[in-house]
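One structure is given here, and the rest of the page talks about it.
The values are calculated or read from the model by the stated rules, or taken from the named source; none is laboratory data. Bear in mind the structure is a predicted one, so any value in this text is a computation, not a measurement. Cβ placement follows ideal geometry from the backbone for every residue including glycine, while neighbour counts extend to all protein chains displayed.
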Amino acid sequence: MTAPQSPADTLEFPCSSCGRALRVPLSAAGKRAACPQCSAIVQVPVAGSSPAAARPPAGDGHPPVRPTQPPLPPAASSSWAVPPPPPRGPGVVPGQQAPEAQPATSAAAAPVPPPASATTAAQAPPSASFAAPGRDTPTRRLFDRITGEIGKIYVGQEELVLGALVALFSSGHVLIEAVPGLGKTLLVRTLGRVLGLKFGRIQFTADLMPSDITGAPVLDMKTQEFRFRPGPVFTQLLLADEINRAPAKTHAALLEIMQEYHVTVDGKSHPIERPFLVLATQNPIESEGTYNLPEAQLDRFMFKLVAQYPQEGEEANILRLHSQQRDINERLERELSTITTPAEILEIIRANGQVRVDDRLVDYINKIVRRTRDWPQFHMGASPRAGIALMQAARTLAAFAGRDYAVPDDVVQIALPALRHRVTLTAEAEVEGQRVDELLTELIRTVEVPRL
């Protein structure tokens, strides 16, 4: 029989959920325990502090963990985040219950390891959706200034803005699936003005030829020689509107450009000015007159973002801002300021490549990508390029948050946009009506989150 502990060796505090008095040993201070009455996971206060103000003690060698926000209903959930993954480390594994704390009449309580801090992003500005915000760095200040300036013209669609910026500062490209009229063209033009980049647009149609994108040699009547006439792809921000309305031979013209940043015509290479970002759109409703994008084309996009209709308040602001019959070109010139330059963007891209990624986090990314190839509902899994995209995007997210190291939350936050277009459902899963995002969410939950 265990001898009862003296009051000096224990801590007594109320459960924050049901109010029941609990008693734990002093060694459990600052940790978490499960209430035996309501099963709620409660924070054990540090001696001398109130339970509401208690936090896990610092100096344990791990980065600070932000409390997990409660999941949103499915209709309001952000497509950038997945529900919280399994707890970190060897403590609690999926399928097992956490040890319970003892009531005040008992002498012992078993602390539970803190859960992973995967973020369920709410409808908030992009800067507020970061996991574990860090220091006030130049990159973080630049990101805040860019999003603030964009917000003067472009209302809402925070996920779209964040995804475009992460891809730009990671040397990636974005595929946007959205219905018409959600402001995709306005976003690209606004980005070009704020970032000091050149803007170009290609309207993809069934009769569009590869030379209409890349350019072609033209006979100069004065010199009687052929000279190369650059196509609309020679820009820095390229909007490829309704890209799935063109045939595969036209899509092939973008493969070399998106991967190698140059165009080869008649055996001569023509470089594309950097930074270079392709934002391609496709309509999820209309199917007549469209073509499926080939897997090689899809794999070259870092993210596939799904733009949703704006919230009621956001749509009201859109009506106020854009219903005065004012020329949008004039508004872009007068109301927006250029925040940065192409040279500064390239410098930040190089700096983001130095953000530290722990070997355990590399293994975490590798396990997620490799598991997509064995998942029973997936006919085709993600390629190694998906893992590269996850690592690059995690580094950029960490830099935007003011950190010089990436955490698992950065990977979780961008996992769905980076993987949803790189996997293919089996015929059985399609017949059953299963959704790629739901299957990826379930897959990510099965991978143990590393403790860094």
Per-region count, region 296-315, residues among the charged types (D, E, K, R), at pLDDT 85 or above and in a helix (DSSP H, G or I): 1
Members of region 227-266 found to be touching a Phe, Trp or Tyr at 6+ places or on another chain (Cβ under 9 Å) and assigned to a strand (DSSP E or B), listed by number: Leu237, Leu238, Leu239, Ala240, Asp241, Val263, Val265
Condition met for Phe378 (aromatic (Phe, Trp, Tyr), in contact with a Lys or Arg (Cβ under 8 Å, 6 or more places away or on another chain) and either without any contact (Cβ under 8 Å) to a residue 60 or more places away in the chain or assigned by TED's automatic domain parsing to the domain that holds Gly172 (or both)): no
Tabulated pairs, region 437-452, first surrounded by fewer than 19 Cβ atoms within 10 Å (Cβ to Cβ), second part of a loop (DSSP other than H, G, I, E, B) and of a type in the set (Gly, Ala, Ser), C-beta under 6 angstrom, 6+ apart or interchain: Arg451/Gly89
Any hit, region 398-410, residues being among the small types (Gly, Ala, Ser), out of contact with any helix residue (DSSP H, G or I) (no Cβ under 9 Å at 6 or more places or on another chain) and in the same structural domain as Gln354 (by TED's automatic domain parsing): no
Test: Gln354 is over 18 Å from the mean Cα position of the chain (by Cα) and part of a loop (DSSP other than H, G, I, E, B): yes
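Just name the residue that is farthest from the chain's Cα centre (by Cα) out of those in region 218-268 that are of a type in the set (Ser, Thr, Tyr) and closer than 30 Å to Ile176 by Cα.
So the first thing to find is which residues in region 218-268 are of a type in the set (Ser, Thr, Tyr), and the list is 223, 235, 250, 261, 264.
When the remaining residues are screened for being closer than 30 Å to Ile176 by Cα, the result is 235, 250, 261, 264.
Working: Thr235: 25, Thr250: 29, Tyr261: 24, Thr264: 33 Å.
Taking the candidates together, the pick is Thr264.
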Region 188-212: number of residues that are within 12 Å of Asp241 (Cβ to Cβ) and assigned to a helix (DSSP H, G or I): 1
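Within region 150-178, track down each residue that is more than 19 Å from Leu397 (Cα to Cα), crowded, with 21+ Cβ neighbours inside 10 Å and out of contact with any Leu (no Cβ under 6 Å at 6 or more places or on another chain). Talk me through it step by step, then tell me what you get.
The initial filter retains those residues of region 150-178 that are more than 19 Å from Leu397 (Cα to Cα), namely 151-156, 176-178.
When the remaining residues are screened for being crowded, with 21+ Cβ neighbours inside 10 Å, the result is 154-156, 176.
Matches in region 150-178: Val155, Gly156.
Considering each residue of region 357-375, count those that are touching a residue at least 60 places away in the same chain (Cβ under 8 Å), not in a helix (DSSP H, G or I) and not charged (D, E, K, R), and give that number.
2
Among the listed residues Arg395, Arg422, Arg385, Arg403, which satisfies the condition of being assigned to a helix (DSSP H, G or I), crowded, with 18+ Cβ neighbours inside 10 Å, basic (Lys, Arg) and touching a residue at least 24 places away in the same chain (Cβ under 8 Å)?
Working: Arg422 fails: assigned to a helix (DSSP H, G or I); Arg385 fails: crowded, with 18+ Cβ neighbours inside 10 Å; Arg403 fails: assigned to a helix (DSSP H, G or I).
Of Arg395, Arg422, Arg385, Arg403, the one residue that is assigned to a helix (DSSP H, G or I), crowded, with 18+ Cβ neighbours inside 10 Å, basic (Lys, Arg) and touching a residue at least 24 places away in the same chain (Cβ under 8 Å) is Arg395.
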